[in-house]
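One structure is given here, and the rest of the page talks about it.
The values are calculated or read from the model by the stated rules, or taken from the named source; none is laboratory data. Only a predicted model underlies this, so the values are computations on that prediction, with no experimental measurement involved. Note that each Cβ is placed from the backbone with ideal geometry, even for glycine, and that neighbours are counted across all protein chains shown. Just the protein is used for accessible areas: all its heavy atoms, side chains included, with ligands, DNA and RNA removed. Shrake-Rupley method; radii C 1.70, N 1.55, O 1.52, S 1.80 Å.
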Amino acid sequence: MPIAIRPLHPVFAGEVSGVDCTKPLARDEVAAIEAGMDKYAVLVFRDQDLSDAQQIAFTRHFGELESYHLPGHIQKDPDKRLGPGMADFSNLDKDGNIISAEDRVWFFKLGDRLWHSDSSFRPVPAKYSLLSGRVLPSWGANTEFADMRAAYDALDERAKAEVEPLVCLHSLIYSREAIGFTELSDEERAAFRPIRQRLVRTHPVTGRKSLFLAAHAGAIEGWTIPEARMFLRDLTEHATQREFVYSHQWRLNDLVMWDNRQTMHRARRFDDRNEVRDVRRTTLGGDAATIEQV
Ligand SMILES: [Fe+2]
């Protein structure tokens, strides 16, 4: 069956048919999916009953995995439920029990419910993320995506000129502080030191510009913190208007793939004290920094 993509939203996001993600892809299939990503920025593959190894193999068709050992979480390796290459976005601990609501790892995970782009706090931010829905709760837990190209296009000319030269500082410290989680060790603070990112980035294939926003952005170079936070909040509100947002309602064994260079996303609430949500992510490292670190 040939690959086909059906739009899921007026401005972006598509549902792919004709691909079995458990099997190796032919070169023309990879090219068709990459072209789909360039156009839609979010692709949904239904009924993909993947093992972790199959998810990793599928992901590697599109580039190299982001290094597993870069700082990006407060959870230590021995406490992780999943093996190398898999990021755990469940509400489970290592033993498969629902994680305590008092656990600081849970506080940290809650930050994923703020709008963000994966790994914007790294010098080379992530390219694609792929999230596999293995166990889903009975309600809630949508993943929402915002098209940052559409958000950029909708700015007026004055605003486009204003954002063009700006450089933001991104850190996990800022996004966790936003929900009142500030109890980080000196070692964690050092690992999460702020990273420079351009606010406007250009897609390497399509040449389309987009706003590179995230809850991780907590400062703008040359601006005071209150001015910067207020401006970033306004821009985020603009960028996440409903007309730019696709809300993905999960079905079992969905695989959702998004381009972090062109979108933001956030997780939504569910009954995380009584129901299990087991979703697992693989992540592709980016191919370029948006700006040098100094
Ligand atoms: Fe994320």
Protection proxy ranking, peptides 260-266, 93-99, 156-162, 105-111, average beta carbon neighbours within 10 Å, highest first = 260-266, 105-111, 93-99, 156-162
Compute log10 of I(q)/I(0) for the stretch 104-180 with the Debye formula, placing one identical point scatterer on every Cα and leaving out solvent, at q = 0.11, 0.16, 0.23, 0.25 Å⁻¹, to two decimals.
-> -0.43, -0.87, -1.33, -1.37
Dipole check, the chain, charges on Cβ (K,R +1; D,E -1), about Cα centroid: among Ile179, Ser120, Val19 the Cα furthest to the positive pole belongs to Val19
May I have the count of lysine pairs in the chain with C-alpha atoms under 18 Å apart, counting pairs 8 or more residues apart or located on different chains?
-> 9
Which residue fluctuates the most in the chain, going by a Gaussian network model with Cα springs under 10 Å, if the choices are Ser120, Ser100, Ser247?
-> Ser100
Roughly how compact is the chain, stated as its Cα Rg over 2.2 N^0.38 Å to two decimals?
-> 0.96
Expressed in square angstrom to the nearest 10, the accessible area of Val200 with a 1.4 Å probe stands at 10 Å²
Based on the Kirkwood radius over alpha-carbon pairs, what is the Stokes-Einstein translational diffusion coefficient of the stretch 193-272 at 10 °C with 1.306 mPa s viscosity, in µm²/s?
-> 106 µm²/s
Under 5 Å between amide H atoms, partner at least 5 residues away or on a different chain: which partners does Ala219 have, H built in plane at 1.01 Å?
-> Leu169
For the charge dipole of the chain, defined by +1 on Lys and Arg C-beta atoms and -1 on Asp and Glu C-beta atoms about the Cα centroid, which residue among Ala31, Ile74, Gln54 has the Cα displaced farthest towards the positive pole?
-> Ala31
Let me have the 222 nm mean residue ellipticity of the chain computed from DSSP H runs of 4+ only, each contributing -39500 (n - 2.57), with the sum over all residues rounded to the nearest 500.
-> -6500 deg cm²/dmol
Rg (Å, one decimal) plus Dmax (Å, integer) for the alpha carbons of the stretch 30-72?
-> 12.4, 33
Report the charge-dipole magnitude of the stretch 54-121 in Debye, nearest 20, computed about the Cα centre from +1 at each Lys and Arg Cβ and -1 at each Asp and Glu Cβ.
-> 40 debye
Dipole magnitude (debye, nearest 20) for the chain, charges at Cβ of Lys, Arg, Asp, Glu | 200 debye
Reference-scaled alpha-carbon Rg (2.2 N^0.38 Å with N residues) for the stretch 43-124 | 1.20
